[in-house]
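Here is the structure we will look at, set down as structure tokens.
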Amino acid sequence: TNRDHRLPLEGGAAIPGTGCLVSAVETAAQREAFIVGKPNRYMFDCVASEFHIDPARTIMVGDRLDTDILMGNSCGLTTLLTLTGVTALDEVRDHQESHCPTRHSLVPDYYVDSIADLLPAL
């Protein structure tokens with residue numbers, strides 16, 4: 001479903017993500033996998049057509065620039081980065097200040113320190 005190479009744990013530790021398994025299967029099969037999850041828009045297109053989701057009224061919340069935010073931006077969604085995952089704000093700023101369009105696709109519309117910061121708005 002994705003190529004996440006590591007999954008963060010509390011205290012700064014991490015464990016291997018599904019991307020490690022994808023790489024192993026690709027090597028054994030001598031073929032590139034078709035990823036249906038983030039950042040590929042395949043899954044979003046399926047859900048959006050089934051439930052008539054309006055991208056202009058939808059927000060993608062995630063903690064990874066290269067999967068969550070990239071998918072949200074490529075699908076025309078508003079994007080919100082939570083800084084509780086693998087991404088630091090300095091990385092966002094580096095992408096934002098770049099002159100590279102590919103790097104700009106990794107910049108979220110908004111960010112919060114924690115998903116808990118959204119609770120008062122609900």
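The values are calculated or read from the model by the stated rules, or taken from the named source; none is laboratory data. Every value quoted in this text rests on a predicted model; they were computed, and no experiment measured them. These accessible areas exclude ligands, DNA and RNA; they are computed on the full protein's heavy atoms, side chains included. Shrake-Rupley method; radii C 1.70, N 1.55, O 1.52, S 1.80 Å.
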Report task. Any chance you could look up the accessible area of LEU80 with a 1.4 Å probe, heavy atoms only, rounded to 10 Å²? Result -> 10
Requested in this report: Grab the Cα-Cα distance for ARG103 and ILE115, subtract it from 0.36 nm times how many residues apart they are, and report the gain in nm with one decimal.
Outcome: 1.9 nm
Query raised in the report: Roughly speaking, to the nearest percent, how much of the chain's 1.4 Å accessible area is carbon and sulfur?
Result: 57
Report task. Give the shape of segment 38-115 as rounded, prolate or oblate, defined through the alpha-carbon gyration tensor: a ≥ b ≥ c are the square roots of its eigenvalues, a/c under 1.5 means rounded, and otherwise the shape is prolate if a/b is larger than b/c and oblate if not. Result -> prolate
Report summary line: Per-residue accessible area, 1.4 Å probe, largest first, puts ARG57, ARG93 in the order ARG57, ARG93
Requested in this report: Quick one: which residues, 5+ away or cross-chain, put their amide H under 5 Å from the amide H of LEU7? H built at 1.01 Å from N.
Outcome: ILE15, GLY17
Query raised in the report: Which whole-Hz ³J(HN,Hα) couplings does segment 71-78 yield from phi under the Karplus relation 6.51 cos²θ - 1.76 cosθ + 1.60, θ = phi - 60°, glycine and proline marked x?
Result: 5, x, 5, 6, 9, x, 8, 6
Query raised in the report: For GLU97, what accessible area in Å² do you get when you roll a 1.4 Å probe over the heavy atoms of the protein chains, rounding to the nearest 10?
Result: 140
